[in-house]
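Taken together, the values in this text are just the output of simple stated rules run on the coordinates, not laboratory data. Predicted model only: the values in this text are computed from it and were never measured. Note that we place each Cβ from the backbone using ideal geometry, even for glycine, and neighbour counts take in every protein chain shown.
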Amino acid sequence: MRIDVITIFPEYLAPLGLSLLGKARDRGQVDLRVHDLRDFTHDRHHTVDDAPYGGGPGMVMRPGPWGEAIDSLLAERPELVPGLVVPTPAGRRFHQSVAVELAARPWLVFACGRYEGIDQRVVDHYRKRLDVYEVSLGDFVTSGGEVAALAVIEAVARLVPGVVGNAESLTEESHTAGELGGLLEYPVYTRPTTWRGLDVPAVLLSGHHGEIRAWRRAEARRRTASNRPDLLDQPRTGA
Ligand code: ADE
């Protein structure tokens, strides 16, 4: 899978070289490239923002550099149509099911906005040419789309076949259909059996697979009822 990220802070994406994703890049499973939006400006100060029409606080990202940056990527692979992911607090809530949808695409381009956002005509224009995903991480605001891009890329890349060594670990996690049917994941334990006076639940040491499965299911339900009762009312399942 190919992933391009356009940002005014390329260093922000450095963590994509670490851990599972870093290994996936080294193995050639994910071809990840980060681009500086300022390379697509033509003035001496590499200006990417301007005052909002209609007034109001803050600055808006100019459409010109975005159009040039995205067009330059599209020209590299004219036979492919990427999904354009635009992280924004005004987007649709990101969910595991969207990660599954994005992971099935051969190419994603992330447009990381800053300031008050990107001129709306950028999304309006590319909607006519590409599938555009305006996604929000949740009901809070970060200073730019980079943190959200990191989160979305990690969620997507681990679903690319071969990136996670043990594919089974993908089927029993929170927000995913499968064993847990959309419940939050049950609590997990490892050695030692007693830590600071707290014991590992005895059933997990019993070797009774049926009882362990039933206990995990009950714990997943209890946790979901406590932390995310909305998921019980209206189960949304992932893959
Ligand atoms: N950019 C700023 N806030 C964001 C959020 N909550 N989700 C995605 N992108 C954002």
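Brief remarks follow.
- Low-density loop cleavage sites - trypsin sites (Lys or Arg not before Pro) in the range 1-80, where at most 11 other Cβ are within 10 Å (DSSP): R27, R44
- Order of L73, L159, L183 - criterion: other Cβ atoms within 10 Å of each residue's Cβ, fewest first: L73, L159, L183
- Overall form of the range 84-135 per C-alpha gyration tensor (a/c, 1.5; a/b vs b/c): oblate
- Residue with peak Gaussian network fluctuation, the chain [Cα springs, cutoff 10 Å], from E68, E211, E179: E211
- Ordering T88, S143, P201 by Cα displacement along the dipole of the chain toward the positive end leaves P201 in first place; charges were set at the Cβ atoms of Lys, Arg (+1) and Asp, Glu (-1).
- Summing +1 for each Lys or Arg and -1 for each Asp or Glu among the other residues whose beta-carbon sits under 13 angstrom from that of R62 gives -3.
- Residue order, fewest to most beta carbons within 10 Å, for L170, L18, L13: L18, L170, L13
- Fewest-first ordering of I153, I212 by other beta carbons within 10 Å of each residue's beta carbon gives I212, I153.
- Note on L18 and I212: the model spin-label points, each 7 Å out from Cα along the C-beta direction, lie 3.1 nm apart.
- Taking a point 7 Å out from the Cα of H125 in the direction of its Cβ, the residues of the range 1-43 whose backbone N falls within less than 13 Å of it are 41.
- Restricting attention to the chain, close to 20% of DSSP beta bridges with both partner residues there are antiparallel.
- Label-point separation, R38 to N166 (7 Å along Cα→Cβ), nm: 4.5 nm
- Total formal charge among the other residues, if their Cβ is under 13 angstrom from that of A167, Lys/Arg +1 and Asp/Glu -1: -2
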